[in-house]
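Take a look at the structure set out below.
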Amino acid sequence: MVIAIVIALGCQILAEAFQTHGAGSSNPQLRNLYNFGAPRSTAKTLYMAPIGIPKVEYKVPGTQRSEWEDIHTRLYRERILFVSQKLDDEYVNLLISALLCLDNETHEKPITLYINSQGGPINAGIALFDTVKHIKSKVATINVGFCGATASLLLGSGTPGMRAALPHSRVLMHQPTGALRGSAEQLKNDAKHLLEVKTLLHNLYSRVTNQPLDKITADIERDNFMSAEESKEYGLIDRIIQPSDRTDGQIM
């Protein structure tokens, strides 16, 4: 936070300096450097990028007071989690913690997962899958962009009837992969474990899609990309969200 404030103040000072000494300067080289009336061929454009996580206003219940908080905290208050990173161990542990905390607060209200992720290690993905199935709260899953690998399994893990996708979202299902190394005996054990994980993954996909196990096995023998409509037909989701479905005051 301190670093962000220092950077923001520095950018403000620089912007004021550019305005004072650049645009009004009689020095043509200085004007050219900051693109104030300079020819296009010699000008250097200064881009001021936004800094930090966006903040939104939050009105404290029962008071007239408002606070500013980061957008992820605001969504969390609404029992919404945005799954937007690779599903590695660290990120999955954070998501699991959030799910358990929200479920502990109350399981009378649903939790919504908006997913746009490439997936990640199979063990982490299965841990997240099991947590979604373990908690008492209903869980809505929505594909807002791309659900790859274990993220597609997470998409299908939602409560039946509450799994959805935006019209142009995509899904990727594929086999688990792993690099084997070591002694012959170690390679044998690792290969056995990988095959067990593969069988488990097939069974989980079959469970959430109601597709026969042999069809799942054949369909993900290689990368299997699906559109929103195809993922609905396959059984990963229950509906496709259209613009007309949204009502006033509803996020999605």
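For CYS147, all conditions in the list (1) touching a residue at least 24 places away in the same chain (Cβ under 8 Å); (2) under 24 Å from the mean Cα position of the chain (by Cα); (3) assigned to a loop (DSSP other than H, G, I, E, B) hold save one; what is the number of the exception?
(3)
When the stretch 70-81 is examined, which residues are found to be surrounded by 15 or more Cβ atoms within 10 Å (Cβ to Cβ) and either more than 15 Å from the chain's Cα centre (by Cα) or modelled with pLDDT of 95 or more (or both)?
Scanning the stretch 70-81 gives ARG74, ARG79, ILE80, LEU81.
Quick grid of which residues meet (1) part of a loop (DSSP other than H, G, I, E, B); (2) without any contact (Cβ under 8 Å) to a residue 12 or more places away in the chain; (3) touching a strand residue (DSSP E or B) at 6+ places or on another chain (Cβ under 9 Å):
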{"site": "ILE96", "(1), (2), (3)": "no, no, no"}
{"site": "LEU100", "(1), (2), (3)": "no, no, no"}
{"site": "HIS107", "(1), (2), (3)": "yes, no, no"}
{"site": "TYR114", "(1), (2), (3)": "no, no, yes"}
{"site": "SER137", "(1), (2), (3)": "yes, no, yes"}
{"site": "ASN143", "(1), (2), (3)": "no, no, yes"}
{"site": "GLY158", "(1), (2), (3)": "yes, no, yes"}
{"site": "VAL171", "(1), (2), (3)": "no, no, yes"}
{"site": "GLU185", "(1), (2), (3)": "no, yes, no"}
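Could you run through the stretch 175-190 and say how many residues are at pLDDT 80 or above and either hydrophobic (A, V, I, L, M, F, W, C) or out of contact with any helix residue (DSSP H, G or I) (no Cβ under 7 Å at 6 or more places or on another chain) (or both)?
1
What are the pairs, 6+ residues apart or on separate chains, where a residue within the stretch 190-202 that is assigned to a helix (DSSP H, G or I) has its Cβ under 7 Å from a residue that is among the hydroxyl-bearing types (Ser, Thr, Tyr)?
That search, which allows pairs on different chains as well, returns HIS202/THR217.
Do we have any residue at all in the stretch 159-174 that's within 19 Å of SER227 (Cβ to Cβ), at pLDDT 95 or above, among the β-branched types (Val, Ile, Thr) and more than 13 Å from the chain's Cα centre (by Cα)?
Taking every residue of the stretch 159-174 in turn, at least one turns out to be within 19 Å of SER227 (Cβ to Cβ), at pLDDT 95 or above, among the β-branched types (Val, Ile, Thr) and more than 13 Å from the chain's Cα centre (by Cα).
Of the numbered conditions (1) free of Cβ contacts under 8 Å to residues at least 24 places away in the same chain; (2) on the phi > 0 side of the Ramachandran plot, LYS215 fails exactly one; give the number of that condition.
(2)
Applying the selection to the stretch 218-229, what residues are assigned to a helix (DSSP H, G or I) and within 19 Å of GLY119 (Cα to Cα)?
Passing the criteria: ASP219, ALA228.
Looking at the stretch 149-174, which of its residues are of a type in the set (Gly, Ala, Ser) and surrounded by 21 or more Cβ atoms within 10 Å (Cβ to Cβ)?
Within the stretch 149-174, ALA149, ALA151, SER152, GLY156, SER157, GLY158, ALA164, ALA165, SER169 meet the criteria.
The values are calculated or read from the model by the stated rules, or taken from the named source; none is laboratory data. None of the values given here were measured: they were computed from a predicted structure. Here the Cβ is made from the backbone with ideal geometry for all residues, glycine too, and neighbour counts use every protein chain on show.
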